[in-house]
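Computed from the coordinates by the stated procedures, all read-outs in this text should not be read as laboratory data. The structure displayed is predicted, hence computed values, not measured ones. For neighbour counting, all protein chains shown are included, and Cβ atoms are generated from backbone atoms with ideal geometry for every residue, glycine included.
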Amino acid sequence: MLRVFRQAGPGLLAAAVLVASAQVVLAAPADGVTAGVSYYVDASQGDDNASGVDSTHAWRSLARVNRATFHPGDQILLRAGGRWSGQLWPKGSGASGAPVTIDRYGDGANPRIDGGGLVDDTVRLSDQEFWTVRHLEVTNQAPATGTPGANLKDLRGIHVTGDNGRQLHGFVVDGVNVHDVTGEVNWIGGSTSDDASGIHFKTGWDRSKRTGGIVFDTTVANVGAPTATPTVLDDVTIQNSVIVNTSFAGISIKQYTGDGPGAVATGWGTRTSPTDARFTPHNNVVIRGNYISQAGTAYGCNGVYVTDVRHAVVEHNVIYRAGTSGIETYFADDVTIQSNEVAETTQKAKGADSNGIDADKGTTKVVVQYNWSHGNGDGILLCQFSFGDVVLRYNAIAGNTRYQVYLHSDKAARAKVHNNTIYDDRSKYAIYGYGTSLTSSYDITDNIIYSKVAGASLTTSSTVRYDNNLYGGASLPVPSGDTHAVRADPQFTGSPDWTVGTPDAGPRLTGAYGLRVRSGSPAINRGVAISDNGGRDYAGTPLYNGKPDIGAFEVG
């Protein structure tokens, strides 16, 4: 049972259980499918010569479904407990308010479709729109060969794509279980001398990072003669799903740009400036209420890879033991990342990073708020090279092994880092940056920065402006530029709880509640008011209660 997790009063997460029921609709059968018809598929009792329009006359095979063209309001209902091998690729499109829906019927486990590593995509939609996919179990695992990485291929679980030069609207993926997808790992840059079985470097933008559990991307039919206009996805929701052990990513969103061999460059998927006229991102993407774990694969890198988007929200997800990055944005505009738990990200597949959340290259209007980032290599990475802007506010960042906050942007990037609680118990650096990463602008205000590590330090520079922060713990130095600094014990109510959320319960944001402060804390009423502050603190308490407090929690 999968749930979508929403705020229900200060600091509480309420679970709204979504239950889908199939409505039986009887109609005359036809290959030219009548609008509003429900079609039934039964792997053990069905017959491809039957009408398919009720459960006693169900079709049997995916091949039969794939031959049909579906219309607005139609349903494709797979019998619960059924198992199929191969690819599901039904044809046709729905309409606004009347999508084509893939779902289950009957009692039992979600119907399972197994690509077996023999098809690129276990579930595929191409140049189609207005589709809803619910309650499937999907896998695409090539058999192991005995050589690590040798079974990694160009594989995906659910793949929505297109190349017709149109806008494609209206996609919902809801309540699916995607697991064990052995996709290859392709990195954008690096050196090919580091290649290994299933791992490839310097592949460029278009070939990189487009394998995994759920992939939404667009391309062109002929790289040497691309369409005049790009294919753009609009209104995409991926929610309430469990995605486990899928390489490269759990969820990946990408746009084509034309940088492969023999390709004519379009520039649609890359971004050279905030006003780049060629940049043509996908629009209105929501990724919420999902549980993503890469704990069981050495090749599961990103949890969520959100690129080439405008107007996106990533919220209420659990991202556990990803490699490289739990949640990464790249070439994106107007993205909010909120109320996620990202835990224990580690380096995998020769990747360079191991961060919880990353605002990366060419990203603007990014807001990172109310997240619980713990036990990663870096808690938060700000890596907006060339240009970008980000607000990092009201997050709890704790127990990360390398840097709690890593300042790694350059040139024209700027970041506002305020009202976070940063708890360091295992790193020499609470906030770290170096070299050209310090040519960008960072304003660090009203944060609790606490370290239990003797000799821990903070990076200082003329471009890193500390103001009105509380510094506590084992002799953490106060930056000389912070003339309003508070040097004191913040008086936490307890310690962080490192227990990670589950598929049923969702993100365990209360794990950070030990970092709230007691009523006599020197953090109370010592902050400076910040306009456009999001309106609430980490726990949902409205801002402000009297004078502002320092840190992620406003004392009520």
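The set of residues in the stretch 276-295 being of a type in the set (Phe, Trp, Tyr) and part of a strand (DSSP E or B) consists of 291 alone.
Taking the numbered list (1) without any contact (Cβ under 8 Å) to a residue 24 or more places away in the chain; (2) not in a loop (DSSP other than H, G, I, E, B) in turn, residue 189 passes all entries but (2). Counted as qualifying within the stretch 356-463 are the strands (runs of 3 or more DSSP E) with 1 or more residues that are at negative phi and among the charged types (D, E, K, R), namely 378-382, 387-393, 412-418, 421-424, 441-445.
Return yes when residue 298 is of a type in the set (A, V, I, L, M, F, W, C), in a loop (DSSP other than H, G, I, E, B) and out of contact with any Lys or Arg (no Cβ under 6 Å at 6 or more places or on another chain) and no when it is not. Criteria not met by residue 298.
Might you check whether a residue that is free of Cβ contacts under 8 Å to residues at least 24 places away in the same chain, within 22 Å of residue 371 (Cβ to Cβ), touching a Lys or Arg at 6+ places or on another chain (Cβ under 7 Å) and not in a strand (DSSP E or B) occurs anywhere in the stretch 486-499? Within the stretch 486-499 (the criterion being free of Cβ contacts under 8 Å to residues at least 24 places away in the same chain, within 22 Å of residue 371 (Cβ to Cβ), touching a Lys or Arg at 6+ places or on another chain (Cβ under 7 Å) and not in a strand (DSSP E or B)), the answer is yes, since at least one residue qualifies. Scanning the stretch 130-174 for residues that are over 21 Å from the mean Cα position of the chain (by Cα), in a loop (DSSP other than H, G, I, E, B) and not small (Gly, Ala, Ser) gives 130, 141, 143, 145, 147, 148, 151, 152, 163, 164, 166. Give the stretch 302-334 a look and list any residue that's more than 11 Å from the chain's Cα centre (by Cα) and not in a loop (DSSP other than H, G, I, E, B), or say none. Once the filter is applied, which keeps residues that are more than 11 Å from the chain's Cα centre (by Cα) and not in a loop (DSSP other than H, G, I, E, B), the stretch 302-334 yields 308, 309, 310, 311, 320, 323, 324, 330, 331, 332, 333, 334.
For the stretch 512-530, indicate whether the set of residues that are within 23 Å of residue 382 (Cα to Cα) and free of Cβ contacts under 8 Å to residues at least 12 places away in the same chain is non-empty. Scanning the stretch 512-530 turns up no residue that is within 23 Å of residue 382 (Cα to Cα) and free of Cβ contacts under 8 Å to residues at least 12 places away in the same chain. Here is the figure for the stretch 239-262: residues that are assigned to a loop (DSSP other than H, G, I, E, B) and either charged (D, E, K, R) or surrounded by 18 or more Cβ atoms within 10 Å (Cβ to Cβ) (or both) total 8. Put simply, of 369, 384 the only residue that is under 19 Å from residue 523 (Cβ atoms) and among the polar types (S, T, N, Q) is 369.
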